[in-house]
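The values are calculated or read from the model by the stated rules, or taken from the named source; none is laboratory data. Since this is a predicted model, take the numbers as computed values, not measurements. No Cβ is skipped: glycine too gets one built from the backbone with ideal geometry, and neighbour counts run over all protein chains shown. Areas reflect the complete protein model, heavy atoms only, side chains present, ligands, DNA and RNA absent. Shrake-Rupley method; radii C 1.70, N 1.55, O 1.52, S 1.80 Å.
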Amino acid sequence: NLSAMEAKKVKMKSPDGKYELTLSDDEGQLIYSLDWEKKRIIQPSRLGLQLNEDWKEGLSIQDIKTSKQDITWSPPYGERKTIRDYFNAWTVVIDQKESKLKINLDFRLYNEGVAIRYQFLGNRYLTIKDEYTEFSFVEGTKAYYSTREQAYEYLPLKNWQEESERPLLLTLPN
């Protein structure tokens, strides 16, 4: 278990060390940032949800479990015969001060990118009312934006009139 002093900031790296994710519970809020090759690509951004309880404030890191995986698997169809599943993983136990409840935040850092998952413990019925998860990309990031099929515009990440319909492809400055 971690003491409160040790839990303030945690750094995690991909297997090749190029991605580094930092997570902190500063002032009861979960904040993360992401660097690639020592360059910031996601500025400090909030993690959190509004469920039956509000997982926005009063949060603290209680424990961290680490693991690694390096396996190869064969998909039933697709462009590749085998796929390597290679990552470093952290399960971070988060405590909610007011409710005394806990959730797990699962992080996987691959050489190709990062995955974050909220994992709810127990067998309670939950309603997700809102999500506070942020992705504060660095200034100058642009996206291939689309409100309909096959019509893309290359735009900065601000002042959009509507949401983008398609999965968002981003380009970072430099």
### Query
Looking only at segment 57-71, which residues are of a type outside the set (S, T, N, Q), open to solvent by 60 Å² or more (accessible area, probe 1.4 Å) and in contact with a strand residue (DSSP E or B) (Cβ under 7 Å, 6 or more places away or on another chain)?
Lys65, Lys68, Asp70, Ile71
### Message
Six or more apart or on different chains, Cβ atoms under 8 Å: show the pairs whose first residue is in segment 102-114 and in contact (Cβ under 8 Å) with a residue 40 or more places away in the chain and of a type outside the set (A, V, I, L, M) and whose second is crowded, with 18+ Cβ neighbours inside 10 Å and not in a strand (DSSP E or B).
### Response
Tyr110/Ser14; Asn111/Ser14
### Query
Name the residues in segment 158-174 that are in a loop (DSSP other than H, G, I, E, B) and hydrophobic (A, V, I, L, M, F, W, C), would you?
Trp160, Leu168, Leu172
### Query
Any residue in segment 67-76 that is in contact with a Pro (Cβ under 9 Å, 6 or more places away or on another chain), at pLDDT 95 or above and under 20 Å from Ser33 (Cα atoms)?
no
## Note on the structure
Within segment 129-169, restricting to residues that are modelled with pLDDT of 90 or more and of a type in the set (S, T, N, Q), the one that is farthest from Leu49 (Cα to Cα) is Thr141
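Look through segment 34-49, keep the residues that are in a strand (DSSP E or B) and open to solvent by 60 Å² or more (accessible area, probe 1.4 Å), and return whichever of them is farthest from Lys102 (Cα to Cα).
As a first pass, look at segment 34-49 and keep what is in a strand (DSSP E or B): 34-36, 39-47, 49.
Remaining after also requiring open to solvent by 60 Å² or more (accessible area, probe 1.4 Å): 36, 39-40, 43-44.
On the way: Trp36: 30, Lys39: 33, Arg40: 30, Gln43: 26, Pro44: 23 Å.
The extreme case among them is Lys39.
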### Query
Scanning for something hydrophobic (A, V, I, L, M, F, W, C) and exposed (fewer than 11 other Cβ atoms within 10 Å of the Cβ), does segment 5-16 turn up at least one residue?
yes
